[in-house]
Amino acid sequence: MTAGTWTLTPVPRLRFWIPRGVYRPQTDTWLLRRAMRRESITPWTDVLDLGTGSGVLAVEAGRLGARVTAVDISWRAVTAARCNALLNGASVRVCHGDLATAVPGRRFDLVVSNPPYVPAPNAVPPRGTARAWDAGRDGRLLVDRICDTAPTLLRSSGTLLVVHSHLCGIDDTVARLAAAGLRAEVVDRARLPFGRVLRSRLPWLRARGLVTRGTTEELVVIRAEHT
């Protein structure tokens, strides 16, 4: 099913410490959180949060009772996620590593990811705040890797939920997941004005043909499972 557009707000009961250089939860976070809460999460559900950032989604899954593993390549994000799990009384195993390489051989019932997906004119920085959103010239540097590795991370009845902007290609993601043997569809959408980063890149985005008119982007959550 394809859902409509809602007003998205964070949950005030959760407490989070978000240091400089760690992605601050925004609309994409809350959109993915809503989709995650629709899944049947029980104490027997193994959840993987790829690119956890501050750990918001991992903490939420832990509070829902799941057995949660969270991964991030940034040591600062790993520290933040561990602290935020403690702050909220959630049991979360936080690992440092590059996506699935941090959990070799493991499979999960639910994999969620809010990866970097913003098209960038320059190479992805090895460190710093921009690494949380810059994802190569087409914005698909991490999205493609997640699509390709998802089948090896999911159990036979497992589900992938990934959120990104229309600027890096919604149909491209659905097609790539299909090529990997997964059935995928858009299950949530939200449209919002360009933020500071996209506004600063508007001439370049237009020159690349990624933006033809307007200054809004559509965020989508794509749900995938084994065919």
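Quick grid of which residues meet (1) surrounded by fewer than 20 Cβ atoms within 10 Å (Cβ to Cβ); (2) in contact (Cβ under 8 Å) with a residue 24 or more places away in the chain; (3) not in a loop (DSSP other than H, G, I, E, B):
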residue	(1), (2), (3)
Arg13	yes, no, no
Tyr23	no, yes, no
Arg33	no, yes, yes
Met36	no, yes, yes
Ser40	yes, no, no
Pro43	yes, yes, no
Asp49	no, yes, yes
Thr52	no, yes, no
Leu57	no, yes, yes
Among residues belonging to the range 93-122 that are open to solvent by 20 Å² or more (accessible area, probe 1.4 Å) and without any contact (Cβ under 8 Å) to a residue 40 or more places away in the chain, point out the one that is nearest to Val68 (Cα to Cα). Arg93
If you scan the range 197-214, which residues turn out to be of a type in the set (A, V, I, L, M, F, W, C) and part of a helix (DSSP H, G or I)? Val197, Leu198, Leu202, Trp204, Leu205, Ala207
Among the residues of the range 103-151, count how many are hydrophobic (A, V, I, L, M, F, W, C), part of a strand (DSSP E or B) and at pLDDT below 95. 1
Can you confirm whether Arg76 is part of a loop (DSSP other than H, G, I, E, B) and open to solvent by 50 Å² or more (accessible area, probe 1.4 Å)? no
Yes or no: Leu86 among the hydrophobic types (A, V, I, L, M, F, W, C) and in contact (Cβ under 8 Å) with a residue 12 or more places away in the chain? no
Somewhere in the range 186-198, is a residue modelled with pLDDT of 95 or more and farther than 21 Å from Thr29 by Cβ? no
Close pairs (6 angstrom Cβ cut-off, 6 or more residues apart or separate chains): under 13 Å from Leu99 (Cβ atoms) in the range 149-161, of a type in the set (Val, Ile, Thr) anywhere: Leu153/Val111; Leu160/Val111
Of all residues being of a type in the set (A, V, I, L, M, F, W, C) and touching a strand residue (DSSP E or B) at 6+ places or on another chain (Cβ under 6 Å) in the range 168-177, which is most open to solvent (accessible area, probe 1.4 Å)? Just the residue, please. Val174
Just one of Arg201, Arg208, Arg155, Arg183 is surrounded by 17 or more Cβ atoms within 10 Å (Cβ to Cβ) and over 13 Å from Tyr117 (Cα atoms); which is it? Arg201
Flag for Thr159 being closer than 21 Å to Arg33 by Cβ and either in a loop (DSSP other than H, G, I, E, B) or modelled with pLDDT of 95 or more (or both): yes
For the range 215-227, what are the residues that are in a strand (DSSP E or B) and either within 30 Å of Arg107 (Cβ to Cβ) or without any contact (Cβ under 8 Å) to a residue 12 or more places away in the chain (or both)? Leu219, Val220, Val221, Ile222, Arg223, Ala224, Glu225, His226
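The values are calculated or read from the model by the stated rules, or taken from the named source; none is laboratory data. Note that the structure is predicted; figures quoted are calculated from it, not measured. Every residue, glycine as well, gets a Cβ built from its backbone with ideal geometry; the counts of neighbours run over all protein chains shown. To get the accessible areas, we keep the full protein, side chains included, count just its heavy atoms, and leave off ligands, DNA and RNA. Shrake-Rupley method; radii C 1.70, N 1.55, O 1.52, S 1.80 Å.
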